[in-house]
Amino acid sequence: MKRDPPAAERQAQEEAAGAGNAPWIFGYGSLVWRPDFEFSARKVGFIRGYSRRFWQGDTFHRGNEKMPGRVVTLQEDYDACTWGVAYEVHGEQIAASLQYLNMREAVLGGYDTKLVKFHPQEKEADEPFLALVYIATPQNPTYLGPASEEDIAAQIIVSSGRSGHNIEYLLRLADFMRYFCPQVEDEHLFSIEEALVSILPCLCQAEDPLVEV
């Protein structure tokens, strides 16, 4: 007996179908370096009208129930752009990628799906096209909301989940931006990274006053 897909997966399938026979999936967090699904093409670029924010709690991948990690979601922001990677999926890749992402982002992460207009980085590229994106809204149970960069960094430092430490998540995202989008100043992301780096020496000194930092 064939099982009907969960509501979030069904929504993603319907929105992907609306994007055409070969839909694109836009990633702006861990998907930029670890998609973990098969795809046919990959483009770096951006979407308009959203800011990337470490406002989503994570109790599975980068944290746990007692100590949630901090991962990114999108906040509507008319004047902003968010950079990331769009992946094109074809044929059997479509259903497989959406099923995988439904579990990774929707079931375990509390994210909803939406279609956005993606702008490729390459100047000679085609016109902007629609892409499916996963966004965690304030209505989901693990949403944490705004906090200072220092508080977010302090939470990231002590959080770890099944996919690794929360610090790795932050640093890999910052590295992606520096390497692939060197012209972009992501103030929120880099401010948290700076706060984290400033806190770490203090932690080392507290654990061992003889450690040189």
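The values are calculated or read from the model by the stated rules, or taken from the named source; none is laboratory data. Predicted, not measured: the structure shown is a model, and the values here were computed from it. So basically every Cβ, Gly included, is an ideal-geometry build from the backbone, and we count neighbours across all protein chains shown. To get the accessible areas, we keep the full protein, side chains included, count just its heavy atoms, and leave off ligands, DNA and RNA. Shrake-Rupley method; radii C 1.70, N 1.55, O 1.52, S 1.80 Å.
What is the dipole size for the stretch 133-204, taken about its Cα centre, with +1 at each Lys and Arg Cβ and -1 at each Asp and Glu Cβ, in debye to the nearest 20?
Values: 3 positive and 10 negative charges, 74 e Å.
Dipole size: approximately 360 debye.
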How big is the gap, in Å, between the Cα center of the stretch 64-108 and the Cα center of the stretch 132-159?
14 Å
Probe radius 1.4 Å, ligands and nucleic acids ignored: give me the carbon and sulfur share of the accessible area of the stretch 39-97 as a rounded percent.
50 percent
Given a 1.4 Å probe, how much area per residue of the stretch 96-163 is accessible, in Å²?
52 Å²
What distance in nm lies between label points placed 7 Å from Cα along the C-beta direction at Leu115 and Asp151?
3.8 nm
Sparse-neighbourhood loop hits (trypsin sites (Lys or Arg not before Pro), the stretch 77-163; DSSP loop; Cβ within 10 Å at most 11 others) -> Lys123, Arg162
Quick check: pseudo-label points 7 Å beyond the Cα along Cα→Cβ at Glu65 and Tyr78, how many nm apart are they?
4.3 nm
With a/c under 1.5 counting as rounded, go ahead and sort the stretch 69-138 into rounded, prolate or oblate using the C-alpha gyration tensor (a ≥ b ≥ c being the square roots of the eigenvalues; past the cut-off, prolate if a/b is larger than b/c, else oblate).
oblate
Environment charge of Arg162, counting only residues whose C-beta is closer than 12 Å and scoring Lys/Arg +1, Asp/Glu -1:
+1
In whole Å, what are the Cα extents of the stretch 56-213 along the three principal axes, biggest one first?
58, 36, 29
